[in-house]
1. I'm told B:Glu696 meets every condition in (1) under 15 Å from B:Arg620 (Cα atoms); (2) modelled with pLDDT of 80 or more except one. Can you identify the failing condition by its number?
2. Filter region B:681-708 down to the residues that are of a type in the set (D, E, K, R) and either crowded, with 20+ Cβ neighbours inside 10 Å or not assigned by TED's automatic domain parsing to the domain that holds B:Cys657 (or both), then identify the one that is farthest from B:Glu639 (Cα to Cα).
3. Can you find even one residue in region B:209-218 that is within 25 Å of B:Phe299 (Cβ to Cβ), under 37 Å from the mean Cα position of the chain (by Cα) and at pLDDT 70 or above?
4. Any idea which residue in region A:147-176 is surrounded by the fewest Cβ atoms within 10 Å (Cβ to Cβ), counting only those that are facing chain B (nearest Cβ under 9 Å) and free of Cβ contacts under 8 Å to residues at least 12 places away in the same chain?
5. So the check is Cβ under 6 Å with 6+ separation or different chains; which pairs have a first residue in region B:811-828 that's assigned to a helix (DSSP H, G or I) and a second one that's not acidic (Asp, Glu)?
6. Given the conditions (1) surrounded by 13 or more Cβ atoms within 10 Å (Cβ to Cβ); (2) under 29 Å from B:Cys611 (Cα atoms); (3) modelled with pLDDT under 50, report the number of the one that B:Asn720 does not fulfil.
7. For B:Val645, indicate whether it is away from chain A (no Cβ under 14 Å), at pLDDT below 80 and not in a loop (DSSP other than H, G, I, E, B).
8. I'm told B:Thr272 meets every condition in (1) in a helix (DSSP H, G or I); (2) of a type in the set (Val, Ile, Thr); (3) surrounded by 15 or more Cβ atoms within 10 Å (Cβ to Cβ) except one. Can you identify the failing condition by its number?
Amino acid sequence: MRPLDEAETTQVFEKLFKFTSNNLKNIVESPSHEGLDKNPGRYCFRLHKNRVYYVSESLVKRATNIKRENLVALGTNIGKFTKSGKFHLTIQALNLLAANAKHKVWLKPTSEMSFLYGNDVVKGGLGRITDNINAYDGVVVFSMSDVPLGFGIAAKSTQDCRKMDPNGLVVIRQADTGEYLRNQEDL
Amino acid sequence: MGKKKQKQKVVLPPELPPEVPEDEIEVSDEDLDFVNRNKEYAGFVSKLDTQSITRHVNRVADVKEDALESLYEKRSRKKSLATDNIQLEVDPVDALPVKTLDGQVYYRTAPKAPNKFQNARDEDETVGENEDVGRDNGVMKLTKAEKRAKIKKLRKEAKKQGKEVVEVEEVEQSSQAEVLAEVEKDLSAEEANEKRKFRLAEIGTAMLTDPEGNIKSLKEMLQICKDGDQAVSILGLKSLLAVFKDIIPGNRIRLPTEKELAMVVSKDVKKTRLYESTLLTAYKAYLQKLMALEKVPSFKRVAIRCICTLLEANPRFNFRESLLGVVMNNISSTDDVIRKLCCNTIKSLFTNEGKHGGEVTVETVQLIANLVKDHDCHLHPDSVEVFLSLSFDEDLRKPEVAKPNRKAKNKKYKIGNRNEDKNQLPGNDKKKSKQEMISKTREEVKAEFMAASFAQDAMEKRRIQSDTLSSVFQTYFRILKHAMRPRPEANGLPVGPFGEHPLLAPCLNGIGKFSHLIDLDFMADLMNYLRRLAGGSIDANRPSENFSSRLTVSERLRCCIVAFKVMKNNLDALNVDLQDFFIQLYNLILEYRPGRDQGEVLAEAMKVMLCDDRQHDMQRAAAFIKRLASFSLCFGAAESMAALVTLKHLLQKNVKCRDLLENDAGGGSLSGSIAKYQPYASDPSLSGAFATVLWELTLLSKHYHPSVSTMASGISTITNSHDQVYRSNVSPQQAFIDMSLDKETFTPKSGQKQSNNKRKKGNRPPPSAAAGGGDTVDEMAVRTKLSEHFLLVHDMEENGRLRRELERTKLGLQLYKEYKKQKKQRTR
């Protein structure tokens, strides 16, 4: 377990910024109320076995007691660095992203299942979409009752979405909550 | 002698054309009819006439006293010169009806008695008679002194007419007479004006009865306009306006070319041509006069009124471009009257498109667009508001696609037929040529019919409409862009007379109205503009303060509303969530100040954005509910009522948000990552509103305004009974208007409810209704009784409290006394 170095931090923040834009500040600065300290600590990012964790400071302190090879995980896993050194967000980050998302897409109940099986979102399944999405922005996918289902990358801007036919791709899936069942061993 | 006659004509009242004598019998018949029909009126007139006769007699006597000699000399000369002329000149005055300024036509019914006198008299007396008529009609009322002055004036005219005599008199008369003469000169001008007025009326009536015959007298009217003084020329302009309005044809007059002039034509055609050309030249001269007068301040309103009326009445006639130009120049005038006139004219042009087939609409819209461009958007709001009365035919867009296909099909079909014919009758050339000829003539006839009929080609109509639309939106976008341009802040430029962004409000209204006609490609730009105007800048580098601080809260709210309207009109494609505008509204609610900003706009924003929107984020809804509740604590009854109505809507729609009404803080799993309510968060979804409780409602249920308090307590009971019928049909706007009316009449102390409060209450069981029945009358009775009872109880309690206090003080005093006694005893 170690703090991220410069290059890794930029990679992680760039990825998060895609989804949250200015709300990234909230993620970094939000106070944690864990631990015994009277004054609330902050959250920080820690790298452990190629995975990035979003942990409160008090938890970090306590985790130092555990041997590196014995420590399985701590805090919230938000992503991992691949073998080639790229950073990928994983489905566990969904909670964090959903709370601070800038761009959102709501799915019709009929197309929820399709998305949870790992498919992309087509226009026909779109219930609602935030205004002002540009192509390749990060988008968090919700059900109509505001339950976060996953996230992905916008294939088209909101304006272009208007003109598309119902079968056109709107969101390219990156992670969905179905993964908790599908690839349990990976997570 | 001839010379003298001319001179007389210059000075004398304008004589009537000598063609009338035969008419006289007719008119007098009419007169008789009229008298028979209106006996009272006739009696009235005859009475007046006797008076006038006596006056005449008196005047003659007066004149005799003053200048007997000159009169007599002149009379004798006159008689010798033109006795027949006099008769001609006198009679038609009686024969023709006189149209007064208020538009009534008077026939002189009893001309016989004065005629006798007049025949014996000369023109001076006819003038006098004219004056009398004027007096009878109430046009002018003269005092005694004025009468006397007038008599002198008459004398003066007599002098003018007989020049030699005047010369002789001048030698004889004293210096006093010279002074008198000067005064008389002024008065004679007035006299001439009177004459001109009557002349105007006469010509006007004649023109209206027979425009073709009297077309030439238009010139005379124009002349009168030119050389009269202000009042007379205004009258002249107005009467010309009335005449033109009636006689101008509905189409454009094309003057014949030289070639056509050279052709031999029948008498009728010649006559028509003459008529048209005279009309046109007179019209042109009139317009030129109007244009000239439009620049003179004292004439401006009249001229504009005339121009507007002409344009409105005959938008197809010649010279409409110049008319439009003048109207355009004055559309943003600072003078309210002129501006209203111009705007109304343009509005009526827009609404009555059938009158001119839309061409004028295009021209006008383009002119306005140019005007906005030239003035850099500093115009009066009215000048763009006229766009709102435009109407676009939406059916025009669609069927056009289908038509050409059908035509093509028809053609194919025809060709096929022909081929068949050919196949059937290969050798018969004659028949073929005959058929061709028939079809050719058919086409010709069709083309001619199209040209003759007023129905416009659909293509043409489409072109006109798209031109209009593009100009309108060009203007709107220009205004938006202008509103966005950063102000040169260093130099304190004086703000124009219409405020800083005068055109923004009408522009936003217009966009809201016509948004369904905008092309989808423009939509992105439009939304971006609106977003930036509403205060949220897209690019983070740029401080949003740049724009938002410049626009007022109402304007920014309007931007939000318009954005929602635009989205709503184009909803069929995609359901878009306008997050940024919600954030704006969330923050704008805090910036609202009751006196400064328009509560109606805020109420509309609540209605459009919060009540009408189908779906909400749970977090956002909760945040808005919380903010509205705190908002309604801070402001007057109207605002808080509007806020409460919205709040109720939100609570009804979002069942989960009712958790806010529960007593324990912390929304559980719903509250998300934010554990604590953050009242200062600018983003509603980050405020963590689920972690809080709506304690404001408890305070609000003690609001001084009874309907607000009942509303608040009603809301706080929502969770207890889900299927209660609430006043969900009332919009926040309606509530705001109701209550702001209330505010004027409402006195907080009054125990009685106002009528509309009662209506509002009727929908839900009042808190105190447990005792009374559901009936409203009962409710009232119970209410008054309860209030009396409460007052009584309150008084009793107060009484008791005071008594207790008194006793305590007494006790204290007693103790003190005892203490003092003891002290004294001790010291002893």
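1. The number of the failed condition is (1).
2. Result: B:Asp683.
3. yes
4. Selected residue: A:Lys163.
5. From region B:811-828, no pairs qualify.
6. (1)
7. no
8. Status for B:Thr272: all satisfied but (3).
The values are calculated or read from the model by the stated rules, or taken from the named source; none is laboratory data. If you're wondering where the values come from, they're calculated on a predicted model, not measured in any experiment. With ideal geometry, Cβ positions are generated from the backbone for all residues, glycine too; neighbour counts draw on all protein chains shown.
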